[in-house]
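Structure, as structure tokens:
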Amino acid sequence: MSVPRNRLSLLFHKYYNGTATEHEIKEMTDLIRKADDDAELSALLKEVWEDLEVEKPVFSHEVRERMLSNILPESGQYQDATGREIIHPASQTSAFRVRYWAAAVVILCCLGGSWKWNELKNSGREHVAVQPDIKPGGNRATLTLADGSVISLDSTAKGAVIKQGAAEISKANDGELVYNQLGKSSSSQPQMNMISTPRGGQYQITLPDGTKAWLNASSSIRFPIAFAASERRIEVTGEVYFQVRKDKSRPFRVNFGTNEIEVLGTSFNVMNYDDERTAQTTLEEGSLIVTSGEQQSKLKPGEQASIAKEGVMSVAQVDIEEAIAWKDGLFHFQYAGIEEVMRQAARWYDIEVSYEGPVPKRQFTGTVERNLNISELMTMLQYAGVNYRIEGRKIRILN
């Protein structure tokens, strides 16, 4: 059906201003869902959005524009970079084009600064507002020294932290720890340190050789305060992104689980969470070798080695942006199921997720800022067809 421009514009403004009746809200969402001309509807929603007078926007202009571009395509074609059609999140089949118009209305209102939980409930989907809201994670970590003492980096002031053996450890800013190797270690046994992030935490560290590492939530990196003359060997859990300082005389080796990565100088991401189906190594620049048991693969930029629980390794070309988006403060999903989305959310927001009945069959493609409160993220998922209930720090996904 053709969209009645004046009527939809009026309803949209009334909804934004909080004066729309239940009947008008239903009429507005019905008009959007039943529209035949996607291009016309996209143009109309953009026009209405631009006409709104925003006094206190929730997000910055840059964030609003990015989200709007994710929801409203520039043309009538709904395809990804490879030409594949994107699957409608609320669809149970693979034959539907993207129709995000219900989500567009709600998200545009949210971007304008108005959260109207009663109106959202009237749209026909269950929602319980978060009181208080759950905020996103931040720079939080602990440092465990060689003697077993633990330092909370959250409360440590900027400046020198401690001098340990042949290294001076300093906190450069709120989210970075720097190791300066002052000389050769006098100990025959390496002194090992470990930095760990909790759920809802992230941190950055510069290792004794100048290599930089970014830790995602629920991750750790264990390393010597002074690297050996023949190699640089560390251990990781969770997810860590590396920019390795080149040193041909000392290969950089990363152990994760029973697997190993060997590099000379490169940028890559390693992910090894217990609740994920596979461990993954994704190469951004340079080259590296991944070893798992008797299997070994040399990766090229843009390739990812996936190691299943049973030990089988496979290599494929992947979207680098998706793999390392977390380091740049983003969630990036490419045909991701609801379980994958919620696993990432659980780690970043430090929440528990459960499912009532069968897991909803949804797929999501897009990029979302990680600095959103949980209510903002869940509202986007809700209007893509995901029903849920929040109880404290627990989220139950409803079928």
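The values are calculated or read from the model by the stated rules, or taken from the named source; none is laboratory data. Here the structure is a predicted model, which means the values were calculated and not measured. With ideal geometry, Cβ positions are generated from the backbone for all residues, glycine too; neighbour counts draw on all protein chains shown.
Couple of notes before you dig in:
- Criterion: of a type outside the set (A, V, I, L, M), more than 25 Å from Gly137 (Cβ to Cβ) and either under 12 Å from the mean Cα position of the chain (by Cα) or surrounded by fewer than 16 Cβ atoms within 10 Å (Cβ to Cβ) (or both) - qualifying residue of Ser297, Ser314, Ser354: Ser314
- Any chance Ser249 is surrounded by 17 or more Cβ atoms within 10 Å (Cβ to Cβ) and of a type in the set (Ser, Thr, Tyr): no
- 3 or more residues in contact with a strand residue (DSSP E or B) (Cβ under 7 Å, 6 or more places away or on another chain) and polar (S, T, N, Q): qualifying strands (runs of 3 or more DSSP E) within region 253-359: 267-272, 278-285, 295-299
- Total residues in region 133-183, condition touching a residue at least 60 places away in the same chain (Cβ under 8 Å), hydrophobic (A, V, I, L, M, F, W, C) and closer than 16 Å to Pro208 by Cβ: 2
- Candidates are the residues of region 132-156 that are of a type in the set (A, V, I, L, M) and within 21 Å of Val240 (Cβ to Cβ); the one that is surrounded by the most Cβ atoms within 10 Å (Cβ to Cβ) is Ala141.
- Qualifying position, being in contact with an Asp or Glu (Cβ under 7 Å, 6 or more places away or on another chain), surrounded by 14 or more Cβ atoms within 10 Å (Cβ to Cβ) and free of Cβ contacts under 8 Å to residues at least 60 places away in the same chain, among Ile320, Ile324, Ile338: Ile320
- Each residue in region 261-279 was checked for being surrounded by fewer than 17 Cβ atoms within 10 Å (Cβ to Cβ), in contact (Cβ under 8 Å) with a residue 40 or more places away in the chain and closer than 17 Å to Met313 by Cα, and 1 of them qualify.
- Summed over region 157-175, the residues that are among the basic types (Lys, Arg) and either under 23 Å from Gln202 (Cβ atoms) or buried (at least 16 other Cβ atoms within 10 Å of the Cβ) (or both) give a count of 2.
- Residue in region 224-241 that is among the small types (Gly, Ala, Ser), within 30 Å of Glu321 (Cα to Cα), modelled with pLDDT of 95 or more and surrounded by fewer than 20 Cβ atoms within 10 Å (Cβ to Cβ) present: no
- Within region 222-244, the set of residues being part of a strand (DSSP E or B) and in contact (Cβ under 8 Å) with a residue 40 or more places away in the chain comprises Gly238, Glu239, Tyr241.
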